[in-house]
Protein chains: 2
Amino acid sequence: MASARRIPEATVARLPLYLRVLGEAATERTTTLSSDVLAARAGVNAAQVRKDLSFLGSYGTRGVGYDVDYLVRQINRQLGLDDDRRVAIVGAGNLGQALASYAGFPERGFQVVAAFDADPAKIGSRLGSTVVSAVTDMPRILREKDVEIAIITTPASVAQGVANALIKAGVGSILNFAPTTVIVPSQVAVRQVDLGIELQILSFYHHHIDTTAATAGS
Amino acid sequence: MASARRIPEATVARLPLYLRVLGEAATERTTTLSSDVLAARAGVNAAQVRKDLSFLGSYGTRGVGYDVDYLVRQINRQLGLDDDRRVAIVGAGNLGQALASYAGFPERGFQVVAAFDADPAKIGSRLGSTVVSAVTDMPRILREKDVEIAIITTPASVAQGVANALIKAGVGSILNFAPTTVIVPSQVAVRQVDLGIELQILSFYHHHIDTTAATAGS
DNA sequence: CCATGTGAAAGCGTTCACAGCG
DNA sequence: CGCTGTGAACGCTTTCACATGG
């Protein structure tokens, strides 16, 4: 029993992981998956999988497992992935370039509909399937294209200013790759990914080749 | 009191964040930082900062705060960042390209000393400051250059195989960007970063414009 | 007097263990 | 009989609150 409880943050962060495993299973024409198998492929504990999925409702069958297609639909619905989401990329450097042509985005329903840069030399150039616009046109274009999520790939020095402008223009979610913390009001969602920090964390565990549990997730 | 305790995983993940803030403070010629200010700039709670730093020892001065330069040295030492770390990138696609020329790496002591790809067309081309080698030469080159950390930016389908080969060649830490979970023995450290998953997590909070705490860190 | 360092409390997240159901 | 769903136990993290010391 117990459908539609409030989903804990840690569970939310793992749902996309399960979605990925379920997707792989679907292409292998696997119709059903037990929590044991799902857990092994996701690299987590089986009890964790069952508890996480129980927050969505009782979608498994005892003695059998979870129906792959059905579970995919339920998770997609919870994550709000039923329709495409419009994304903008701010900063057309190397990382912005790479993200704009990242196949994983359109595959999972994220459409890059706008890109911006402050450098006049870059304006008008292609970034994936869009064209780079001037940051000065950002507020107008963001509203015109109804952008929901923005990815910041600018230098650290301008990231906070960019974030402020994005929020002012109605963007509700920000994925920040600039190596600085951007501070946002509580009604805006941010995730901060610092590629250098990831390496530094690995460096710690490499340096202490004794301590416990050296694995960690996204 | 109490120097060199065992440092909790959550604290380890935040130390590089503090390092980043301290670095910014140093360039502003700030010599001393209180836990309040440090916390605000890192986007965390002040008590958290104090507790985290207390695991390294008593490096603050009551009534004053923390000496920026001294604290930087202590954190660097703990993270094992005193000397440069040798990094390899496997997969010379867009993301591999971007990472190879990412300024944040050399700045923080990570040297990209090797790059690999399976595509013969890419072998010999430049990737940042190195040249792309064939994956078949990977074991030899990894050992020759004493690579400690590897970054996987290959398609998901080959990521696990690459990880296995890396571990066999003595690489102890892996940063995986391929959109699949790589399973490794417990003595190897992995961090999995899936750019699509980050967007999906944001999508959840965008879709539920009511629930609590929408911020989360790397 | 101000900011650190830290016990203690509160809050989360994970894992266990097993009842319950297909 | 096998696997889900879940209370309860456990361990980790965060936050509070204040004694301590420069």
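Residue under question is residue A:94, and the condition is that it be within 27 Å of residue B:182 (Cβ to Cβ), within 16 Å of DNA strand D (Cβ to nearest atom) and free of Cβ contacts under 8 Å to residues at least 40 places away in the same chain; does it hold? Against the criterion (within 27 Å of residue B:182 (Cβ to Cβ), within 16 Å of DNA strand D (Cβ to nearest atom) and free of Cβ contacts under 8 Å to residues at least 40 places away in the same chain), residue A:94 does not qualify. Scanning the stretch B:32-45 for residues that are of a type in the set (D, E, K, R) and surrounded by fewer than 17 Cβ atoms within 10 Å (Cβ to Cβ) yields one hit, B:36. For residue B:144, the criteria (1) of a type in the set (D, E, K, R); (2) out of contact with any strand residue (DSSP E or B) (no Cβ under 8 Å at 6 or more places or on another chain); (3) surrounded by 18 or more Cβ atoms within 10 Å (Cβ to Cβ); (4) farther than 30 Å from residue A:80 by Cα hold in every case but one, which is (3). In the stretch A:9-31, is there at least one residue being in a loop (DSSP other than H, G, I, E, B) and crowded, with 16+ Cβ neighbours inside 10 Å? No, the stretch A:9-31 has no match at all. Checking each residue of the stretch B:30-50 against the condition of being away from chain A (no Cβ under 14 Å), in contact with a Ser or Thr (Cβ under 9 Å, 6 or more places away or on another chain) and more than 16 Å from DNA strand D (Cβ to nearest atom) gives no match. Test residue B:156 against the stated conditions and say whether it is surrounded by 15 or more Cβ atoms within 10 Å (Cβ to Cβ) and within 14 Å of another protein chain (Cβ to nearest Cβ). Criteria met by residue B:156. For the stretch A:29-65, name all the residues that are in contact with a helix residue (DSSP H, G or I) (Cβ under 9 Å, 6 or more places away or on another chain), among the basic types (Lys, Arg) and farther than 22 Å from residue B:159 by Cα. Matches in the stretch A:29-65: A:50, A:51.
Cβ separations smaller than 6 Å between residues 6+ apart or across chains give the following pairs from the stretch B:185-198 residues that are facing chain A (nearest Cβ under 7 Å) to residues that are among the basic types (Lys, Arg): B:196/A:108; B:198/A:191. Residues of the stretch B:175-188 being buried (at least 24 other Cβ atoms within 10 Å of the Cβ) and part of a strand (DSSP E or B), which ones? Of everything in the stretch B:175-188, just one residue is buried (at least 24 other Cβ atoms within 10 Å of the Cβ) and part of a strand (DSSP E or B), namely B:176. Residues of the stretch B:189-205 that are within 30 Å of residue A:86 (Cα to Cα) and not in a helix (DSSP H, G or I): B:191, B:192, B:193, B:194.
Residues in the stretch B:104-127 that are touching a helix residue (DSSP H, G or I) at 6+ places or on another chain (Cβ under 6 Å), within 13 Å of chain A (Cβ to nearest Cβ) and more than 18 Å from residue B:146 (Cα to Cα): B:104, B:108, B:127. Inside the stretch A:59-70, residues that are surrounded by 15 or more Cβ atoms within 10 Å (Cβ to Cβ) and away from DNA strand C (no atom under 16 Å from the Cβ) make up a count of 1.
To keep it simple, each residue is scored yes or no on (1) over 30 Å from residue B:183 (Cβ atoms); (2) among the hydroxyl-bearing types (Ser, Thr, Tyr); (3) within 16 Å of DNA strand D (Cβ to nearest atom); (4) not assigned by TED's automatic domain parsing to the domain that holds residue A:92.
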| site | (1), (2), (3), (4) |
| --- | --- |
| A:125 | yes, yes, no, no |
| A:161 | yes, no, no, no |
| A:182 | yes, no, no, no |
| A:208 | no, no, yes, yes |
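In the stretch B:32-59, the qualifying residues are those that are aliphatic (A, V, I, L, M) and outside any helix (DSSP H, G or I), and the one that is farthest from the chain's Cα centre (by Cα) is B:33. Applying the condition of being more than 15 Å from residue B:14 (Cβ to Cβ) and away from DNA strand D (no atom under 13 Å from the Cβ) to the stretch B:51-71 and asking which residue is modelled with the lowest pLDDT yields B:57.
Considering B:98, B:115, the condition of being assigned by TED's automatic domain parsing to the domain that holds residue B:162, part of a strand (DSSP E or B) and buried (at least 17 other Cβ atoms within 10 Å of the Cβ) is satisfied by B:115 alone.
The values are calculated or read from the model by the stated rules, or taken from the named source; none is laboratory data. What you are looking at is a predicted structure, and each value in this text was computed from that prediction instead of being measured. Reconstructed Cβ throughout: ideal geometry from the backbone, glycine too, with neighbour counts over all protein chains shown.
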